[in-house]
1. Got a sec? Charge dipole of the chain, +1 on Cβ for Lys and Arg, -1 for Asp and Glu; which of Leu277, Ser641, Tyr519 is way out at the positive end?
2. Place a +1 charge on the Cβ of each Lys and Arg in region 36-163 and a -1 charge on the Cβ of each Asp and Glu, then give the dipole magnitude about the Cα centre in debye, rounded to the nearest 20.
3. Cross-link list Lys187/Lys275; Lys223/Lys505; Lys57/Lys466; Lys57/Lys505: which exceed 30 angstrom alpha carbon to alpha carbon?
4. Taking 0.36 nm per residue of sequence separation and subtracting the Cα-Cα distance, how much length would be gained by fully extending the chain between Asp230 and Phe652, in nm to one decimal?
5. For a protection proxy built on the mean count of beta-carbon atoms within 10 angstrom, sort 200-206, 594-600 highest first, please.
6. Contour minus end-to-end for Asp332 and Phe420, with contour as 0.36 nm per residue of separation and end-to-end as the Cα-Cα distance?
7. What span do the alpha-carbon atoms of region 235-337 cover on each of the three principal axes, reported in whole Å from largest to smallest?
8. Enumerate the calculated ³J(HN,Hα) couplings along region 461-474 in order (Karplus 6.51 cos²θ - 1.76 cosθ + 1.60, θ = phi - 60°), each rounded to whole Hz, writing x wherever the residue is Gly or Pro.
Amino acid sequence: MRKLGAGGLLGLGLTMGWCWPATAAESGFEDSPIVVTATRVAEASADIPASIDRIDKHELTFAQMQVNLSESLMTVPGVSAQNRQNYAQDLQISVRGFGARSSFGVRGVRLYSDGIPGTMPDGQGQFSQFDIGSADHIEVLRGPFSALYGNSSGGVIAIFTEDGPPGDEVDGTAQYGAFNTQRYALKAAGDDGTMNYVVDGAHFQTDGYRFHSDAERNNFNAKVRFNPSDSSKLTLVANAIQTPYTQDPLGLTKTQLAANPEQAGIGALPYDTRKDLDQEQLGATFEDAWTAHDTLNASSYVGHRAATQFLAIPQAVEQRSPLYPGGVIVLDHTFWGMDAHATDQRDFLSGPLQTTGGLSYDDLAETRRGYLNFDGSQLGVEGALRRDEANTVYDFDQYLQAQWDPAARWRLIAGVRHNFVEIISHGHIPTVDGADSAVRYSAVDPVGGVTFRASPNVNLYGSYGKGFETPTLNDLAYRSTTGLLPGMNLGLQPARSDNYEVGIKAGSGPVRANLAAFYIKTEDELAVLANTNGRTVNQNIGETNRRGAEFASDATLGGGFSAHVAYTYIRAVVGQSYGTCVGAPCLPSTVLAGSYLPAVPMNSFYGGLTWGYAPWGFTVTAETEARSHIYADDRNTAQASGYWIENLRMGFVQETRRWRFSESARIDNLTDRFYVASVIVNESNARYFEAAPGRTAYIMFNAARRAD
C-alpha cells in the first residue's frame, strides 16, 4: 500500500510508497517510510515539519511504461506533471506553481539522481536522463525546506537507484502499445559481498499521438558501490541519454485544436521541427562514519550535454531581420560540481541534536550558436551562422541546518543557506550577440520548522522559509523575439519568495492522512513576456501570491483492497497589476491584479482503488484523474478546459526459485475523453494548446532470472 508524507492527498491508494514520518516507536506511526531529502539524513517522514512524499519501486513499475515521471507523479499532491505528447520539449512539471511557465525543460524545481544534480547552476533542469526502470524510489519535497537546496528550489524531486540483490540477477522487459510505442530494457544487478552493482539499458520509440511527433530515446544507467572500510561507502554512478531524432509537433491554435487535435502546428512540416540530444554524466559519492558521532558525505560529478533544435521560424522573418539569431539552436554544455557536508549527532541539554554543515559548488560552460534554418530554397537544414556566444555560470553555496528534540513531543529544525550565482556572457558576433556582460545574484535563505507530537497517532507542524530563483540562461537568452535588441536580458532580477506552511499528519492502523496548508508570496516573479517562433522573452512581474492546501490519505480496506486519494487546491494570482517590461520597470498595466497564473490548475485530484489476490499473483488498480481549467496566458484570455479521466491497470506475477515472470496491461482514458494536457504559456501567435490522446492501451512483459 502507499505511504504518505507530509502534504499528501487523500487515500484511494495504489500499491505505492509515500513519505511518512518519524520514529514510529515514538510517534505511533507504524511502517513509516524513511526519507533523506528534507534533512540530508535518513528520517521517518512523519517527524519532519515539511511536505515530502515517497513513491516506491512497485508504483513506478507496476503496469507502467517507465518512460515519463508523469506516470507516477500524478499521485503526489502539490505537483502538476503533464505529458505534453512532445518528447522534444520534455515534461511540463511544476510544484505549487513553481516552474509552470517553463516552455520546455524544468525551471524552478531542483532535480537530483542518486545525489547528483540534474539541475544546472542557473536553475534549468531536464528529466529525460532519469532512469525509472532501475529506480528504487522517488522523493518529492515541497514547501519551505526546499530552499535548503539553493537556487530555483520551489520543490525538490530526487530519484534513487535500487541496490543489487544478493547474488546475480538478469531482468528483461518488453512493452508495446498505442502509436507503435515500444520499450525494451535489459538490467543486470547483484551483490557478491564486496561489490553491489546495477546496470540498466533501455530503448524507447514511438510514432507519437500527433502528426510529426516521432521520438526515439536510449537510456543507460549504472551504479556500483564498494565498502573501502567497515565505516565507509563509495558509490559510483554513470548515466547517459541519446535522442537521435525527436520531432516537435508544436502548439495548436484554438481553431486548429477544434478541427483536428492530432495535426502538427504551423511550420512544423516544412521546417521539419526536431531536436537531437546527447548527454553523459559521471558521479561519485563517498560516505564515512569517521567517529561514533560524526559522518562525512562528499560527492562530485562531471558531464557533457549537446543539443540541436530546429525551429519553425519563417524564412522571410529571418531574411527581413539581419539581427535575427537564427532558426536552429545548437547548445553545448560542459558541467561539473561537488558537494561536501558533515553531520554531527550528540545529546544537547535534554535531547538529541543533529547538525549538518556543508559547501556546494557547481560550474557550467555553455556554447550557444544560432543558425538559419534554411539554405537557399531548402528549408529545415542548418544554414549560415547568426549567433555565437560563450556563457559560463557558477554557484558557490554554504549551508547549515540543525535538528533538536528538546523533549519527547517536540522536534525543532532550522537552517540557512547562502547562495551566490554568477553568469558571464561573451559574444563572438557583437552586433548580434551584444557586448560582453556579467551579472551576479546572491541571497541568504533561512528556514525553520517545528513538529509537535500531539498524540501517538497525530503530529502537528509548521514551517517558514525564504526562497530564491535566478533567471536561467534560457530566460536570459533573448531581449526580443526579433533579435532587434542584441545580447542577453541581464536586466532580469531573481525572484524571491516567503513560504509558510502548517500541517497535520495522522495515522492509526490501516488508515493514514496528511493535510497541509501553505501561503507563498513572491516578489519579482519571473514570467513570459512574449513567446513566438521558438523564442521566449521573459520579464519580472512584481508580486504573486499562492494560497493552497494539499490532502492525502491512504488506507487498507480489507478483502485485498487498498485505496489512495490525493487532492490539491491552489489559488495562484498576480498581486499587483503590471505591464510590458524587459529588464526595466514595468509600464502601465496590461495584466490586472487578481489574474491567475497560467498553467496552474486551481483543483487537482487523484484517486486509486487497488485489489490484489495473492493466490493468483493478480493486482488491478482503477484510477481517476481530474484537473480544473488552466489559463494559457497572463491576461487570462485563453484557457484549456478542465477534465476527468479514468485509467485501469492490471497484472499477474509468477515466481519460482530462479525465475520471476510478470505480465501487465494498462488502458488510459477509458472513456475516450478529449482534453488538453498542457499549454505553451504566452505563445504570441496563440498556438497555446497541446492535446492529449483519447483511449490508449499498452502491454508489458518482464522476466528475471536469479543465479544460485
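Only the coordinates and a few stated rules stand behind these numbers; no lab work does. Please read all numbers here as calculations on a predicted model, not as lab measurements. Methodologically, a virtual Cβ is constructed for each residue, glycine included, from the backbone with ideal geometry; neighbour enumeration extends over all protein chains shown.
1. Going by the Cα projections, it comes out as Ser641.
2. About 640 debye.
3. Values: Lys187/Lys275 28 Å; Lys223/Lys505 34 Å; Lys57/Lys466 33 Å; Lys57/Lys505 23 Å.
Over 30 Å apart, Cα to Cα: Lys223/Lys505; Lys57/Lys466.
4. Values: separation 422, 0.36 × 422 = 151.92 nm, distance 4.09 nm.
Stretched out fully, the Asp230 to Phe652 stretch lengthens by 147.8 nm.
5. Numbers: 200-206: 19.7, 594-600: 22.4.
Descending packing order for the listed peptides: 594-600, 200-206.
6. 29.3 nm
7. In descending order, the Cα extents are 68, 36, 23 Å.
8. For region 461-474, the Karplus curve yields 8, x, 8, 9, x, 9, x, 8, 9, 7, x, 7, 4, 5 Hz.
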